[in-house]
Amino acid sequence: MAYQLLQRLCTAQLPEEIVQQADIDKLRLLCRWGLVEADIPLATPERGGHCYVGHAIVMRVTPQGRAAAKRNTRALPGGVVVRTARRQSAPSPFL
């Protein structure tokens, strides 16, 4: 999930290099949402998807990003971090 990457970036020493293609996809979303600032490499079309040319560099987590990471986690004793459960509404009769 993109929020797991966001939480990791909140505690990382920035700038941080992101190498994994899946993490770069998540980072692209975080940038679009305004939660982080990063230099993301160009994507080239590839059979069945795309491939990034190079690595991404995360420059900073925005105040909105830190607030979002804080809202979506809670710390347990021992430094363990768990994602908080979200309220679920009743199932839609139209599904």
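The values are calculated or read from the model by the stated rules, or taken from the named source; none is laboratory data. Everything quoted here is computed from the prediction, not taken from an experiment. Counting neighbours? That spans all protein chains shown, and the Cβs are built from the backbone with ideal geometry, glycine included.
A few notes on this one:
- Residue 62 vs. criteria surrounded by fewer than 12 Cβ atoms within 10 Å (Cβ to Cβ) and either at pLDDT below 85 or of a type in the set (Val, Ile, Thr) (or both): no
- Near pairs, Cβ below 6 angstrom, 6+ apart or cross-chain, from segment 18-44 (assigned to a loop (DSSP other than H, G, I, E, B)) to any residue that is loosely packed, with under 14 Cβ neighbours inside 10 Å: 34/64; 35/64; 41/53; 41/54; 42/53
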